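> Just passing along the structure, written as structure tokens.
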Amino acid sequence: MENSGFEPRSNGLEKLSMVDNSREEEGRAQGAAAESNGNGIGLGLSLRLVQELEGHLDRVWSVAWSPSGHTLASCSGDKSCRLWENSSASASSTTWRCQAVVEGGHTRTIRACDWSPDGKLLATASFDATTALWEKVGGEIENVSTLEGHDNEVKSVSWNSSGSLLATCSRDKHVWIWDVQPGNEFECMSVLAGHTQDVKFVTWHPTKDILVSASYDNAIKVWTEDGDGDDWRCVQTLAEPGPGHTSTVWALSFNKDGNRLVSCSDDLTLMVWDTSADLYDSSPDHALWKHVSTISGYHDRTIFSVHWSRANGLIASGAADDSIRIFAEDREQSSTEPGGSTFSMVGKEVKAHSTDVNCVQWHPTNPRILASAGDDGVVKIWEVIGNLSLLG
Amino acid sequence: MTPGLINANPVVHETKARSVRTESTDENSVDEFDALEIFDILSQSCNHLNVVSEDDIDVDNKSSHVRVTFTPTVQHCSMATVIGLCIRVKLMRCLPPRFKVDIRVAPDSHASEAAVNKQLSDKERVAAALENPHLVEMVERCLQERDG
């Protein structure tokens, strides 16, 4: 029973009760108000379904685009990963096909996957407590390495920008950083302790070796390497009693430049953080990352996924209310707070999946393509319709 | 570990008189659920410990939403999350997948109310728990008790 992972834990916060329709109305009202608020695009964007990708036998937890955008990997409760490719040059043509099923490497749910920056290796994180590495060898996908060390479910995996480091996190409350060595060898470089509950998500800064983690303990933690290398420490915690989420933080995403971070939570909000301060600055009064904006009143059930496009600057979110929503930063800021920003909803697909949306991922280069995954076992490719040129 | 020993002498409650419902015989009628039907589904398992009563079930067919509030037998009942898990599994099996199900312990009925509620609403932890053979066995046993 001690290791069942389902005994009561300390300190959680009260969650919503019944679906609150007034909240949705409020969200709509705010969205409508946004039409005259700053960037002028209002609710001008819509999502057109390009193709439904079927094949998984259980809920799809996560999808990841290869760096070129040529391949989309999806992973599922059916213990497999599927690789989808488009035989046409156009991502918006309905010619996506499953090119490979990656299986046999995990004995339980594959919760997350991520491509190395050179697109050669796919890392998969599983509830079986391992992380597997896969490589295409002579037309076949082979399991080239398996990383063991976590005590129980691995929930997220992320490569740093250079591909030299891999981070994983688990219900065991720890984040591991793995040093990528020649010959597909991975050595544990550091085990990061600090979260008080299971760690849901890890992601690296797009250019610097700064790692960010999100947890069931409602906190976001920022980790940097110590001066003389090899050891890592938490340099900032984004959580209450300061501005912070009031329930589980499920996902994180940096913008293209790495000066902004967005987080999503079971508290039904998205939070945007200014991450321009240099956390490697060791002077005593160095600046810290700070809260910029809270986007609330849109999703009315847990927000599982958020992704900031590096191709169009938009934020997409996917939630247990089955919807996908798209947000843009307002061009003309009405905020009275210096350095503050406001965001408006610019598009939505209320019934994106027939059940929970678990993951949304923008295409890495094509500003109009978005992929989503849901509890319905389906992966969907969407095309954004509308004028993107008005965006900053 | 034997779950039965945690509350070795449970108070067995009388089942109260049930409201009468007329069943539609039209095969093409929309598959609507009401609290009594959900209660029927659940009473096949934990009802005799008075964990759930019909009044603790809210059904909104329009938004496909079900909320179940249950009362753990004792304030510190360590089985609370397992009972909640049983309720979730039972409803997962009986309701169409479009239904959103929220399961909560009754206010002030449990010392770790917030923690239990948070855990029961975390579908990732629920999914992981349901891959744990030990827990699945416990849940199955709980769900079969009535039949056995």
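The values are calculated or read from the model by the stated rules, or taken from the named source; none is laboratory data. Bear in mind the structure is a predicted one, so any value in this text is a computation, not a measurement. Cβ coordinates were reconstructed from backbone atoms using ideal geometry, including for glycine residues, and neighbour counts include every protein chain displayed. Side chains are part of the model used for accessible areas, which takes the heavy atoms of the whole protein and leaves out ligands, DNA and RNA. Shrake-Rupley method; radii C 1.70, N 1.55, O 1.52, S 1.80 Å.
> With a sphere of radius 13 Å drawn around the Cβ of residue B:87, what net charge do the other residues whose Cβ falls strictly inside it have (Lys, Arg +1; Asp, Glu -1)?
Working: positive: B:67, B:88, B:90, B:93, B:104; negative: B:56, B:102.
For residues surrounding residue B:87, the net value is +3.
> Take the alpha carbon atoms of region A:109-158, find their radius of gyration, then divide it by 2.2 N^0.38 Å using N residues; give the quotient.
1.12
> Which value, in Å³ per residue, describes the convex hull spanned by the Cα atoms of region B:35-143? Show your work: numbers first, answer last.
Working: hull volume 10.5 nm³, N = 109.
That works out to 96 Å³ per residue.
> Quick one: putting +1 on the C-beta of Lys and Arg, -1 on the C-beta of Asp and Glu, what dipole do you get for region A:39-391 around its Cα centre, in Debye to the nearest 20?
1100
> For residue A:109, what charge total do you get from the other residues with a beta carbon under 11 Å from its beta carbon, if Lys and Arg give +1 and Asp and Glu give -1?
Neighbourhood net charge equals -1.
> Work out the charge dipole of chain A with +1 on the Cβ of Lys and Arg and -1 on the Cβ of Asp and Glu about the Cα centre, then indicate which of A:223, A:177, A:121 is farthest towards its positive end.
A:121
> Then there is this: For chain A, what does the relative contact order come out to in percent, with C-alpha contacts under 8 Å and a separation of six or more?
16
> Quick check of the Kirkwood formula: for region A:69-150, what is the inverse mean of 1/r over all pairs of different Cα atoms, in Å?
About 13.2 Å for region A:69-150.
> Near residue A:50, within a Cβ-to-Cβ distance under 11 Å, what is the net charge of the other residues, with Lys and Arg +1 and Asp and Glu -1?
Counting the neighbours of residue A:50, the net charge comes to +1.
> Relative contact order for region B:35-143 using alpha-carbon pairs under 8 Å, separation at least 6, rounded to a whole percent?
It rounds to 26 percent for region B:35-143.
> Restricting to DSSP loop positions (anything but H, G, I, E, B) with no more than 10 other Cβ atoms inside 10 Å of their own Cβ, which trypsin sites (Lys or Arg not before Pro) remain in region A:85-181?
none
> Here's another thing I want to ask about it. Scaled to the compact-protein estimate 2.2 N^0.38 Å, what is the alpha-carbon radius of gyration of region A:209-354, rounded to two decimal places? Let's see the in-between values first.
On the way: Rg = 15.7 Å, N = 146, 2.2 N^0.38 = 14.6 Å.
Expressed relative to 2.2 N^0.38 Å, the Cα Rg reads 1.07.
> Filter the trypsin sites (Lys or Arg not before Pro) in region B:78-123 to those in DSSP coil with at most 16 other Cβ atoms within 10 Å of their Cβ, and list the result.
Within region B:78-123, the qualifying trypsin sites (Lys or Arg not before Pro) (loop, at most 16 other Cβ atoms within 10 Å) are B:98.
> Once you wrap a convex hull around the alpha carbon atoms of chain A, what is its projected area averaged over all directions, in nm²?
Mean projected area of the Cα convex hull: 19.2 nm².
> So which chymotrypsin sites (Phe, Trp or Tyr not before Pro) in region A:189-250 pass both tests, a DSSP loop state and at most 12 other Cβ atoms within 10 Å of the Cβ?
When the chymotrypsin sites (Phe, Trp or Tyr not before Pro) of region A:189-250 are filtered for loop state and at most 12 Cβ neighbours within 10 Å, nothing remains.
> How large is the helix-only mean residue ellipticity at 222 nm for chain A, computed as the sum of -39500 (n - 2.57) over DSSP H runs with n ≥ 4, divided by its residue count, in deg cm²/dmol to the nearest 500?
-1000 deg cm²/dmol
> Highest GNM mean-square fluctuation, chain A, Cα pairs closer than 10 Å: which of A:379, A:292, A:157?
A:292
> Longest span of chain A, sites excluded, free of GluC sites (Glu not before Pro) in DSSP loop with at most 15 other C-beta atoms within 10 Å?
Of all site-free stretches, the longest is A:149-331.
> Another question, if that's okay. How much accessible area is lost when chains B and A come together, counting both sides, with a 1.4 Å probe, in Å² rounded to the nearest 100?
So the buried area, both faces added, is about 3400 Å².
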